[in-house]
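Taking it in order: structure first as structure tokens, then the write-up.
The values are calculated or read from the model by the stated rules, or taken from the named source; none is laboratory data. These numbers come from a predicted model, not from an experiment. Cβ: placed from backbone, ideal geometry, glycine included. Neighbour counts: every protein chain shown.
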Amino acid sequence: MAIAQIYVEDQGLEEDVALDINPYIELVFTVMGQNLPIDHGYQLYSALKYRLKQLKDWNDISIKTISGKLDRNIHHEINLTDRSQLLIRLTAEKVPFVYSFSGKSLTIGKHKIRLGIPEMNFIQPKSKLRSHIVVIRGYEEPKTFLEAAQKQLDELNIKGDVKLIASKVGTPKRKTIKVKQTLVGFGVEISNLNQADSIILQEKGLGGKQKMGCGVFV
């Protein structure tokens, strides 16, 4: 058991709490380049897998798609900024393998990017987490999808309030990711999480395709 100082976001205070030593690490790479497709999860995974073949065999790793600013001139693309990042969560023993992405160039469709040297962080608990898309095969309607998401949370013994992220008009917005076919999912928000459940959710995620940006909670 380790003593860690964490930030309690609801109270704006820091406190010392006892935590099990967390085997998961976050590697956060800076990203240099110009543009990327908004939907680049599959292409990013393919480019990383080209650099590290073992990636396809690892089931305890998640890869968040790269952040950027919506390009209002080029349809379905984002502009990379000085805040664009690639976040990869993985178990500690795999860090040396993934750290090797530092300084490497990747081809994402017609675009090229380069990764910087990553920051290495422990996962921090948050009372509210979001994933921009969660995909659960066979569940493409809001009601049944929400039930399936709740079932997965129950199986992980995670308690929290789960809801689908809604569009401006207040209805759950379907999102898609292109793999070999188009998969349908929803943005998901889970709130009122305790510290332990928050960390488990960030480690395990929800649904499938977590190496392609789905079900990754931040």
(message) So in region 178-211, with the set limited to residues that are among the β-branched types (Val, Ile, Thr) and surrounded by fewer than 20 Cβ atoms within 10 Å (Cβ to Cβ), which one is farthest from residue 138 (Cα to Cα)?
(response) 200
(message) Looking at the structure I just gave you, is residue 168 assigned to a helix (DSSP H, G or I) and among the charged types (D, E, K, R)?
(response) no
(request) Out of 170, 187, report the one residue that is modelled with pLDDT under 95 and either under 17 Å from residue 42 (Cα atoms) or assigned by TED's automatic domain parsing to the domain that holds residue 145 (or both). (result) 170
(request) Could you pull out every one of the strands (runs of 3 or more DSSP E) wholly within region 75-119 that has 2 or more residues that are hydrophobic (A, V, I, L, M, F, W, C) and farther than 19 Å from residue 132 by Cα? (result) 105-108, 111-115
(request) Run down 91, 81 and say which single residue is surrounded by fewer than 12 Cβ atoms within 10 Å (Cβ to Cβ) and touching a strand residue (DSSP E or B) at 6+ places or on another chain (Cβ under 7 Å). (result) 81
(message) Residues that are within 15 Å of residue 216 (Cα to Cα), assigned to a strand (DSSP E or B) and without any contact (Cβ under 8 Å) to a residue 60 or more places away in the chain: does region 133-152 have at least one?
(response) no
(request) Taking residue 63 as the residue in question, decide whether it is within 15 Å of the chain's Cα centre (by Cα), farther than 20 Å from residue 181 by Cα, surrounded by 18 or more Cβ atoms within 10 Å (Cβ to Cβ) and of a type in the set (A, V, I, L, M, F, W, C). (result) no
(message) Among the residues in region 104-127, are any hydroxyl-bearing (Ser, Thr, Tyr), more than 25 Å from residue 57 (Cβ to Cβ) and surrounded by 12 or more Cβ atoms within 10 Å (Cβ to Cβ)?
(response) yes
(request) For residue 198, indicate whether it is assigned to a helix (DSSP H, G or I) and under 20 Å from residue 61 (Cβ atoms). (result) yes
